[in-house]
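Have a look at the structure below, then the notes.
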Amino acid sequence: MAVEQNEAIADVLYPPLAPYRTGLLDVGSGHRVYFEESGNPDGFPVLFVHGGPGSQTRSAHRRFFDPDFFRIVLFDQRGCGQSTPQALLADNTTAHLVADMERLRCHLNIGRWLLFGGSWGSTLSLLYAITYPKPVAGLVLRGVFLGSAAEVEWFLYGVRHFVPEAWAEFTKEVTDGVVAHYQRLVHAAQPELAMAAAQHWSAYETRVMEPETTGASASRSPSRDNLAAVQVHLHFLSRQFFLKPNELADNLWRVKDMAVIIVQGRMDLVCPPMTAVAVARGIPRSELRMVGNGSHSAFQREMAIALCTATRDMKTRFG
């Protein structure tokens, strides 16, 4: 599905490019965080902050940025993607991830940078900007998520009114709460049982992100990589994303003077527009760009166009 999407928007994104540098940064507690740089080594730094929790960066993520202008930095969060060890949950919290971003900035000798984050990546980008405002030149946020109980309730239960078939399949064996049920299964001693549970969780996520997909096209083959991703995801979800109630909403005033562009899909079922509107109101100088037919995926054509436009507009502010 991701390959098909990337091919469908090949004319929208910047051309494919390879990193000129990759590495693993030791951030302590046994964690080593994968990072890479591409584009212009002397360009304006931009950090791509991936979603999840538990997801990872991909080559197509470099293509939202003009490689002649930007020094493009991608990284995989603790326990994710090419970071090692995979799915290590010890000392893996939201505060650790934000501290890793700052450690990476110092490691790369970057003074100020633009943050580009979608979904969970928008959460981390906002929290980083609140915690370390000085090095943040601006924010491009997509599908804004604040980690609130109401947002989680929507994803686990409320959205069933839009994808009833997928939700029924997702919850048919649940007796003790969705998160507790799946967290128990993905840590089961039997690998086959754990991977099957992770596959069911991912299939539901895909159906919510892309409601037009069929059950067959939404399913993934069981794999240890997918299991690791879901284990990390549920680790954060079961702990309220390691955030205090309203922690982000109450501190938006700290980013009031930054350049902020919010790109929100009106048809986003994962992170509905209500949160993006609230964040835009909390940052009065921000610019909210509502994409009429936009969904949650950054690779949906309308969303990709809006995101590339946002990074081009940011060039005029930093050029």
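Of note:
- Subset of region 17-42 (residues that are in a strand (DSSP E or B) and among the polar types (S, T, N, Q)): T22, S38
- Within the option set Q82, Q86, being closer than 27 Å to F145 by Cα, surrounded by fewer than 21 Cβ atoms within 10 Å (Cβ to Cβ) and without any contact (Cβ under 8 Å) to a residue 60 or more places away in the chain holds for one residue only, Q82.
- Residue within region 134-142 that is without any contact (Cβ under 8 Å) to a residue 24 or more places away in the chain and more than 22 Å from N246 (Cα to Cα) present: yes
- Cross-chain or 6+ apart pairs with Cβ under 8 Å, region 302-319 first and in the same structural domain as A60 (by TED's automatic domain parsing) and under 13 Å from V140 (Cα atoms), then of a type in the set (F, W, Y) and assigned to a helix (DSSP H, G or I): A304/F64; L307/F64; C308/F64; T311/F64
- Residue check, S29 more than 22 Å from L141 (Cα to Cα) and either touching a Cys at 6+ places or on another chain (Cβ under 6 Å) or surrounded by 21 or more Cβ atoms within 10 Å (Cβ to Cβ) (or both): no
- Subset of region 253-277 (residues that are touching a residue at least 60 places away in the same chain (Cβ under 8 Å) and outside any loop (DSSP other than H, G, I, E, B)): R254, V255, A259, V260, I261, I262, V263, Q264, G265, T275, A276
- Exactly one residue out of S38, S55, S125, S83 is in contact with a strand residue (DSSP E or B) (Cβ under 6 Å, 6 or more places away or on another chain), within 16 Å of F241 (Cα to Cα) and either among the small types (G, A, S) or modelled with pLDDT of 95 or more (or both): that is S125.
- Top-ranked residue of region 57-81 - restricted to ones that are part of a loop (DSSP other than H, G, I, E, B) and in contact with a Ser or Thr (Cβ under 8 Å, 6 or more places away or on another chain), ranked as nearest to P41 (Cα to Cα): P67
- Subset tally (residues that are at pLDDT below 65 and part of a loop (DSSP other than H, G, I, E, B)) for region 1-16: 1
- Residue satisfying all of: in region 89-98; outside any loop (DSSP other than H, G, I, E, B) and among the aliphatic types (A, V, I, L, M); surrounded by the most Cβ atoms within 10 Å (Cβ to Cβ) among these: L97
- Within region 176-210, the set of residues being assigned to a helix (DSSP H, G or I), of a type in the set (D, E, K, R) and under 19 Å from Q240 (Cα atoms) comprises R184, E205.
- Pair list, Cβ < 6 Å and 6+ apart or interchain, from region 154-182 residues that are not assigned by TED's automatic domain parsing to the domain that holds P211 to residues that are modelled with pLDDT under 95: none
- Condition broken by D225, with the remaining ones in (1) at negative phi; (2) at pLDDT 95 or above; (3) part of a helix (DSSP H, G or I) satisfied: (2)
- W167 meets the conditions (1) in a loop (DSSP other than H, G, I, E, B); (2) of a type in the set (F, W, Y); (3) touching a Lys or Arg at 6+ places or on another chain (Cβ under 7 Å) in every case but one. The failed one is (1).
- Scope region 113-133; condition aromatic (F, W, Y) and within 18 Å of K256 (Cβ to Cβ); matching residues: Y128, Y132
- Condition check for A298: crowded, with 20+ Cβ neighbours inside 10 Å, among the small types (G, A, S) and in a helix (DSSP H, G or I): no
The values are calculated or read from the model by the stated rules, or taken from the named source; none is laboratory data. If you're wondering where the values come from, they're calculated on a predicted model, not measured in any experiment. Please note: Cβ atoms are built from the backbone with ideal geometry, for glycine as well, and neighbour counts cover all protein chains shown.
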